[in-house]
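Where a number appears in this text, it was derived from the coordinates with a stated rule and is not lab data. Computed from a predicted structure; not experimentally measured. Cβ atoms come from the backbone with ideal geometry, glycine included; neighbour counts cover every protein chain shown.
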Amino acid sequence: MDTEWGNCRTRDMVTLYFRGMAEQNGKPKIGRSARLLGIRPGTDIDVEEVPEVWLDEQGCLKPDLGSEDFSILIKAWKLMVWKQDFDDSSVSRHQLLVVSMLLDEKGYLDLESDLLAAVVRNTKGMSTSLSIDALPPHRKPEKFGGTGRDPLWQIDDSKIFGDLEAVQDSRTHVSIMPRTTMLLARYESALAATQNDWQRVE
């Protein structure tokens, strides 16, 4: 039984996340849209082309790179690949050293075959709400006081695990982020794998 607790709806004290999404075969439709179960690369999540050697066998950023500011690593790598002068004060000698260890013996990478699309773990991800009331009007149906044409869905926090992490970034908003920087395809697969865990809110 659903109950109201504070500004969040809970079920037996389990936190629920809400999102309006189009329906397909009784479940949220998967895809790259604000109306679907997924993200819009470059809008909802930052995507960078990274050297394959930066990723482990599972397609996640190698642990020895995880402690670095990823945006700075990307900048340092581009400086090295394009043989630009290392005069950017935001790039430290240590970061240049970390990146240089990932270049081949000739000092460069094959830009055609060694670049893979990866989502960056920062502050972005698939948008959800802790409160039905806090959803924008166009993201919830009329029966819940909105103007949206898609059904409303809920998922409980216990279903967000593995490659995914739910991070509350405001009083009522939660972003479902990649747990670490990883292949775009891996992140999208993890989101899609939650399809059966979403329940329609009637």
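Things worth noting here:
- Pairs from Lys29/Lys62; Lys75/Lys159; Lys29/Lys143; Lys27/Lys62 whose Cα-Cα separation, in the structure shown, is over 26 Å: Lys29/Lys62; Lys75/Lys159; Lys27/Lys62
- Sorting Tyr187, Tyr17 by the number of Cβ atoms found within 10 Å of their own Cβ, with the fewest placed first, yields Tyr17, Tyr187.
- A protection proxy built from the mean count of other Cβ atoms within 10 Å ranks the segments 119-131, 151-163, most packed first, as 119-131, 151-163.
- Which of Asp56, Asp46 has the fewest Cβ neighbours within 10 Å, and the rest in rising order: Asp56, Asp46
- J(HN,Hα) series, the range 174-189, from Karplus relation 6.51 cos²θ - 1.76 cosθ + 1.60, nearest Hz, glycine and proline x: 10, 9, 8, 9, x, 5, 8, 5, 8, 4, 4, 4, 5, 5, 5, 5
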